Every structure is written in C-alpha cells, then in structure tokens.
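Trainee: My questions all concern the structure below.
What follows draws every value from the coordinates through simple rules; no lab data is involved. Note that this is a predicted model, so its numbers are computed, not measured. Note that each Cβ is placed from the backbone with ideal geometry, even for glycine, and that neighbours are counted across all protein chains shown.
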Amino acid sequence: MGRYVVGELSHSHSIWNADLRAGAGEQELALDILDLRAITEACQRVDCVVHLAALDFDTHSASHDYMRVTKEFESSLTLIL
C-alpha cells in the first residue's frame, strides 16, 4: 500500500519515502519509526506526514506489538509536529 500511495502522491508533490528497508532511490530514506531522533530530523524537511507505517501481519507478531508500534510512532509525531 505504501508504494502505491507514494506513486500517486508523487504526481503532484515532492515525496520522501521513509521505510525501515528503504530502497536505493534518491527519494528513499532508511528510517526506524521508533527512533525519535531520526523522526525528528526527517520531519524538519517536510510540510506533511502520511503515516502508513505498521507491522505487517506476515511478521506474525503478537497483537500487542502491533498496537505498541502504532502508539509509539504517533506519540513521536505528536511531540515533533
């Protein structure tokens, strides 16, 4: 889903795609969404954040981990923005 959204938004906006496993593209940024310092630095260059980061169900993580990742990232964004 993230790649689709990046593709659609890139038609009319400058996009930085931040992902734990970022590709080699010039608009790719390797970033751990739980790293507050990295998020703070990355957000200095943006006007808007589209949050699609989440654990994939294929990781077979426990349900509390899905919620923890989402809550921690959203808390970080609240502090930064």
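Trainee: Which whole-Hz ³J(HN,Hα) couplings does segment 6-19 yield from phi under the Karplus relation 6.51 cos²θ - 1.76 cosθ + 1.60, θ = phi - 60°, glycine and proline marked x?
Mentor: 4, x, 5, 5, 5, 5, 10, 9, 7, 10, 10, 9, 9, 8
Trainee: OK, next. Amide H of residue 29: which non-local residues (sequence gap of 5 or more, or other chain) have their own amide H closer than 5 Å, using H built in the peptide plane?
Mentor: Close amide H contacts, sequence-distant or interchain: 17, 18, 19.
Trainee: Compute the signed sum of charges (Lys and Arg +1, Asp and Glu -1) over the other residues within less than 10 Å, Cβ to Cβ, of residue 17. List each step's numbers first, then the result.
Mentor: Values: positive: 3; negative: 19, 28.
Net charge in that neighbourhood comes out at -1.
Trainee: 7 Å from Cα along Cα→Cβ at both residue 60 and residue 35: what's the point-to-point distance in nm?
Mentor: Going by the 7 Å Cα→Cβ label model, 2.8 nm.
Trainee: Kindly rank 67-74, 7-14 from highest to lowest mean number of other beta carbons found within 10 Å of each residue. Don't skip to the answer; put the middle values down first.
Mentor: Details: 67-74: 13.8, 7-14: 10.4.
Ranked by mean Cβ neighbours within 10 Å, highest first: 67-74, 7-14.
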